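Following: one structure in structure tokens, then a few remarks.
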Amino acid sequence: MKFQTLNNIQSIALFRSVVLVLLLILSCSSEEKAAKQEQSNKALPQISTLLPADNAISGYQPAGKPTVYTRQDIWDYLSQEAEIYLTNSFVSMAVEKFSGSGGDTLIVELSQFGNDKSAFALFSSHRNPGFKSVDLDPLGYIDSHRLYYAKGDYYLRIIGTDKTSDESLVQAAKAIVPGLEGSPYVDPQLKYLPTEGMVPNSIEISLKDNLAHNEPPNLVSALYQIDSDTVRVFYQHKTRMGMTFAVDEFLDDGGKVDEYLMGGVYQSLVGSAPKYGKVYCAVDSGSVCAVTGFSDIAQAKEMVQKVFGKTAQK
């Protein structure tokens, strides 16, 4: 009995020692994580200092202190929209609300990304050719009481109400833009797209996503006016998978291939997809060009020939 009691005492002591060691490890791990987070926060640029000064917007005053979000908590502010930010090299966002004397509000969102391409990709995904351009360096756009702007690694979105004037949106932007470093992103693939017929302010850069891709898209695109059609022309230089990439990218989501075209200069197909309407895809030496939304296949083919003609000249 004494021997059994001694064993029990030893077991309890061993158990307590194990628990203490585990608690010590967890404590050190938490402290180390906190230290790393503090170091990371210190390393982040002070993006909130780039927001407008208190009296920079006529008739508006800050409604509180700015809030800075990072990759750890951006979901708290953007909810589902945070996913597209996080998959495109999001670093941090400063948000500040301003109250106007007329009862309206302005919300300033200044985001920084890991590179200028991601910042421009977000910017291009939010604008459309119908937006009103405003005099910012190089250009900003206004639509439905919102202003959009990108420069370097920064993407600026200013959200007003139906009481907010365009002048107030621009004034808020002009209080920020001079402090942003970098230049507007220009995709090197744009040199392969014809300038003739291109709809102004319609260039888009493909965003990264969390979907499974055989080859990640790196597409550049623009709208073109061809007679009564407005089509979008996509281009990606030197893909690894050629036509497989084209089918995955343009016809995978509920689309279908109507016909593979044989005997032409390029490997090509015609299909349709809910997202794009009619789709014409062609591949030349690994590079992919697609035209969507057309009504005349001959015009789509002609546009592809122009693109691949520029590719051959480079």
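The values are calculated or read from the model by the stated rules, or taken from the named source; none is laboratory data. Predicted, not measured: the structure shown is a model, and the values here were computed from it. Cβ atoms come from the backbone with ideal geometry, glycine included; neighbour counts cover every protein chain shown.
The table below lists the values:
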read-out: Qualifying position, being more than 18 Å from Gly197 (Cα to Cα), in contact with a Cys (Cβ under 6 Å, 6 or more places away or on another chain) and assigned by TED's automatic domain parsing to the domain that holds Pro217, among Leu269, Leu251, Leu261; value: Leu269
read-out: Whichever residue in segment 50-97 is part of a helix (DSSP H, G or I) and touching a helix residue (DSSP H, G or I) at 6+ places or on another chain (Cβ under 6 Å) and, among such residues, is nearest to Val108 (Cα to Cα); value: Leu50
read-out: Pairs where the first residue, in segment 195-214, is at positive phi and the second is part of a loop (DSSP other than H, G, I, E, B) and of a type in the set (Lys, Arg), C-beta under 7 Å, 6+ apart; value: Asn201/Arg127
read-out: Number of the exception - Val291 against (1) over 21 Å from Asp187 (Cβ atoms); (2) crowded, with 18+ Cβ neighbours inside 10 Å; (3) under 28 Å from the mean Cα position of the chain (by Cα); (4) not hydroxyl-bearing (Ser, Thr, Tyr); value: (1)
read-out: Residue check, Ser221 over 21 Å from Glu81 (Cα atoms), outside the structural domain of Ser111 (by TED's automatic domain parsing) and either part of a strand (DSSP E or B) or not hydrophobic (A, V, I, L, M, F, W, C) (or both); value: yes
read-out: Residue check for Val265: touching a His at 6+ places or on another chain (Cβ under 9 Å) and not small (Gly, Ala, Ser); value: no
read-out: Qualifying residue in segment 149-168 (condition: part of a helix (DSSP H, G or I) and surrounded by 15 or more Cβ atoms within 10 Å (Cβ to Cβ)); value: yes
read-out: Qualifying positions in segment 192-221 - buried (at least 18 other Cβ atoms within 10 Å of the Cβ) and closer than 20 Å to Ala312 by Cα; value: Tyr192, Leu193, Leu219, Val220, Ser221
read-out: Residue within segment 243-251 that is of a type in the set (Asp, Glu), under 23 Å from the mean Cα position of the chain (by Cα), surrounded by 13 or more Cβ atoms within 10 Å (Cβ to Cβ) and under 13 Å from Val279 (Cα atoms) present; value: yes
read-out: Residue under evaluation Ser183, criteria (1) at pLDDT below 95; (2) in contact with a Lys or Arg (Cβ under 8 Å, 6 or more places away or on another chain); (3) surrounded by 14 or more Cβ atoms within 10 Å (Cβ to Cβ), criterion not met; value: (3)
read-out: Test: residue in segment 267-288 that is more than 20 Å from Pro217 (Cβ to Cβ) and among the aromatic types (Phe, Trp, Tyr); value: no
read-out: Enumerated strands (runs of 3 or more DSSP E) restricted to segment 260-314, each holding at least 3 residues that are of a type outside the set (A, V, I, L, M, F, W, C); value: 267-273, 277-284
read-out: Meets criteria (more than 18 Å from Ile203 (Cβ to Cβ), at pLDDT below 95 and not acidic (Asp, Glu)) for Ser144; value: yes
read-out: Those residues of segment 240-255 which are farther than 27 Å from Pro129 by Cβ and in a loop (DSSP other than H, G, I, E, B), in sequence order; value: Arg240, Met241, Gly242
read-out: Filtered residue count, segment 193-214, keeping only those that are under 14 Å from the mean Cα position of the chain (by Cα) and within 23 Å of Val304 (Cβ to Cβ); value: 4
